Amino acid sequence: MSEQNYRIAVVDRALDVLEALAEARGPVGVSDIARTIGATKSAVFRILVNLERRGYVLRDPTSSKYQLGGRLVQLGYHALATFDVRERARPVLEALHERFNETVNLAIPVNGRLLYIDMIESEHGLRMAARIGATDEMHSTALGKAILSFLPEEQREQVLRSPLAKRTAQTNTDPASLRQELERIRASGVAEDHGDNEPGACCYGSPIFDHAGNVTAAVSISAPERRLRGEVAEEVRQAVLAAAQDITDRIGGRWPPMSSQGSENG
């Protein structure tokens, strides 16, 4: 089937509008946009109303002209951060995989959830369920808890106040208890998941920080619980923490001081 069969006219038009605004480099009226892209004023206006509602364009109430909105800046930042983190983290992920032969994951926070952006799977027969491009819960994964621990309080509380899915019998869905767990993670830099997200699975994750010291991603090692016990578990904990610090350095990030509280993880 040709690419033409998948075209959606209104989506094309919406992108035309955004590109016209970008090229204008300043506020533009509906008539000018319509003339630039060869569309009717009514069609352009309907698109602009919807784009404004979602924060992709801004309308000046005095002149009724439009310009690009902050939501595009956010998306652009996420895109740049994703490309940069993934490319620079890849050698570190490969080293972890070679050392432990377990699944290594890289993820970023997106709209209160976790997005897997890279993964190297274990060569063992039993593997984890997550896949690149999939999203997951923040409160039930080591990756998510590592990120959640270092998010600004308002963002962290927004997640904790939302309905927390009970993924397994082990999933902690009590906000008060989770807050205590996140405090321990802030002290040690390592989050744990013992069957919280997937029955029988174990995962250790650590956060990655950008140049401003903001958490921007997390790296983890996951495997069946029986393969991550005792000395191996402690070795994995230390390796994941070192990997997160290495990736932070590679992207020009800054690792913040850890909390003064105890280092035990729940």
- Query: Do any residues in the range 15-33 that are among the small types (Gly, Ala, Ser) have Cβ atoms under 7 Å from those of residues that are part of a helix (DSSP H, G or I) and buried (at least 19 other Cβ atoms within 10 Å of the Cβ), where the two are at least six apart or on different chains, and which pairs are they?
  - Reply: ALA20/ILE33
- Residue hits (the range 46-57; open to solvent by 60 Å² or more (accessible area, probe 1.4 Å) and farther than 16 Å from ALA9 by Cβ) are VAL49, GLU52, ARG53, ARG54
- Limited to the range 209-221, what total is found for residues that are open to solvent by 10 Å² or more (accessible area, probe 1.4 Å) and in a strand (DSSP E or B)? 2
- Message: Just to check your reading of the model, which residue among GLN170, GLN245, GLN238, GLN155 is at pLDDT below 95, open to solvent by 10 Å² or more (accessible area, probe 1.4 Å), assigned to a helix (DSSP H, G or I) and out of contact with any Cys (no Cβ under 9 Å at 6 or more places or on another chain)?
- Response: GLN155
- Lone qualifier among LEU48, LEU58 - being among the hydrophobic types (A, V, I, L, M, F, W, C) and closer than 30 Å to ASN214 by Cα: LEU58
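Does LYS65 qualify as being over 25 Å from ARG250 (Cα atoms), touching a strand residue (DSSP E or B) at 6+ places or on another chain (Cβ under 8 Å) and in contact (Cβ under 8 Å) with a residue 24 or more places away in the chain?
Taking the combined requirement at face value, the residue satisfies it.
Considering only residues of the range 1-43 that are outside any helix (DSSP H, G or I) and open to solvent by 70 Å² or more (accessible area, probe 1.4 Å), which is modelled with the highest pLDDT?
For the range 1-43, the residue satisfying everything is THR40.
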- So which of PRO199, PRO163 is open to solvent by 20 Å² or more (accessible area, probe 1.4 Å) and under 17 Å from ALA130 (Cβ atoms)? PRO199
- Message: Looking at GLY70 and the list (1) at pLDDT below 90; (2) open to solvent by 80 Å² or more (accessible area, probe 1.4 Å), which single condition is not satisfied?
- Response: (2)
- How many residues does the range 173-187 contain that are out of contact with any Lys or Arg (no Cβ under 8 Å at 6 or more places or on another chain) and open to solvent by 20 Å² or more (accessible area, probe 1.4 Å)? 8
- Note on the structure: Taking the range 182-216 and the residues there that are at positive phi and touching a residue at least 40 places away in the same chain (Cβ under 8 Å), the one that is nearest to the chain's Cα centre (by Cα) would be GLY213
- Task: May I ask you to say which residue of ALA176, ALA165 is farther than 15 Å from TYR116 by Cα and modelled with pLDDT of 95 or more?
- Result: ALA176
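The values are calculated or read from the model by the stated rules, or taken from the named source; none is laboratory data. Given the structure is predicted, the values throughout are model-derived calculations rather than measurements. Using ideal geometry, Cβ is built from the backbone for each residue, glycine included, and neighbour counts are taken over all protein chains shown. These area figures cover heavy atoms from the full protein model, side chains too; ligands, DNA and RNA do not enter into them. Shrake-Rupley method; radii C 1.70, N 1.55, O 1.52, S 1.80 Å.
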